[in-house]
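Chemist: Quick one: the structure is below, questions incoming.
Since every read-out is calculated from the coordinates, none of them should be taken as a lab result. Remember, predicted model here, so these are calculated numbers, not experimental data. Cβ sites come from the backbone with ideal geometry, for glycine too, and all protein chains shown count toward neighbours.
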Amino acid sequence: MGHRARLAPERAGQWVRVACTGHRPQGLPPGSEQWLAEELRRIAAKLAADHGTQVAISGAAAGADLIWAEAGHDSGIPVWLYQPYTGHYSRWPQDWQHRLFAAREFAGRVDTLGDRFSVQVLHARSDWMIRDCDAVVAVLDPLRRSGGTVQALQRVSATTPVIHVDVRNRRTSLRVPARCGAAPAS
């Protein structure tokens, strides 16, 4: 809670902490990872410049979560990793494990919610990220209508800005609630 108090937004349109939820590698359309990495770097830089973003929150999962952590780091934004449970990476391919270990090294905060797998702990990790953020980056394939990312987005408040990254059609859009006081960004 001390982190949250020190980073409280001071003006409308300032999104100090931005979390990302998105698909795992197998849920991304073939050939989209490079585009996604470039788009998330662009978004991170724009968030830092236009919205005062100071923290990139990642759920520390293979796919969109780790790509977001890398994009935040590459843009000079401190990264917080919210791991769902101890050893959550144990069945991942080696390259994604290496990317997680590298992210742990550059992260300013690494927290682990549980000590073993359960669907409840995965949902709790998403809720934890949503609770701590001022805006959400949502990496979605519009053909997917279920899964953790879709469920997490259903729990995001209508007053929270959401940056939708459509990885299938390679388009990004922004939902800014009227109370945020910021003009839509591109």
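Chemist: For the chain, give the magnitude of the charge dipole about the Cα centre (Cβ charges: +1 Lys/Arg, -1 Asp/Glu; no others), in debye to the nearest 20.
Modeler: In debye, rounded to 20, the chain gives about 400.
Chemist: Identify, among 31, 48, 139, the residue whose Cα sits farthest towards the positive end of the charge dipole of the chain, taking +1 on the Cβ of Lys and Arg and -1 on the Cβ of Asp and Glu, with the dipole about the Cα centre.
Modeler: The residue sitting farthest along the positive end of the dipole is 139.
Chemist: Ok, one more. Looking at 73, 149, 84, which one has the Cα that reaches farthest to the positive end of the dipole of the chain (charges on Cβ: Lys, Arg +1; Asp, Glu -1)?
Modeler: Sorting the options by dipole projection puts first 149.
Chemist: Just to verify a number: FRET efficiency for residue 49 and residue 116, C-beta to C-beta distance, R0 = 45 Å, to 0.05?
Modeler: 0.65
Chemist: List the trypsin sites (Lys or Arg not before Pro) within the stretch 67-116 that DSSP assigns to loop and that have no more than 11 neighbouring Cβ atoms inside 10 Å.
Modeler: Details: sites: 91, 99, 104, 109, 116; in loops: 91, 116.
Within the stretch 67-116, the qualifying trypsin sites (Lys or Arg not before Pro) (loop, at most 11 other Cβ atoms within 10 Å) are 91, 116.
Chemist: Between residue 33 and residue 173, what length comes free when the chain is fully extended (0.36 nm per residue of separation minus the Cα-Cα distance, one decimal in nm)?
Modeler: Values: separation 140, 0.36 × 140 = 50.40 nm, distance 1.83 nm.
Stretched out fully, the residue 33 to residue 173 stretch lengthens by 48.6 nm.
Chemist: Quick check: convex hull over the Cα atoms of the stretch 91-182, volume per residue in Å³, rounded to an integer?
Modeler: Values: hull volume 13.9 nm³, N = 92.
Taking only Cα atoms, the stretch 91-182 has a hull volume of 151 Å³ per residue.
Chemist: Please state the relative contact order of the chain as a whole percent: Cα pairs under 8 Å, 6+ residues apart?
Modeler: Relative contact order comes out at 24 percent.
Chemist: Obtain the radius of gyration and the Kirkwood radius of the chain from its C-alpha atoms and give Rg over Rh.
Modeler: 0.93
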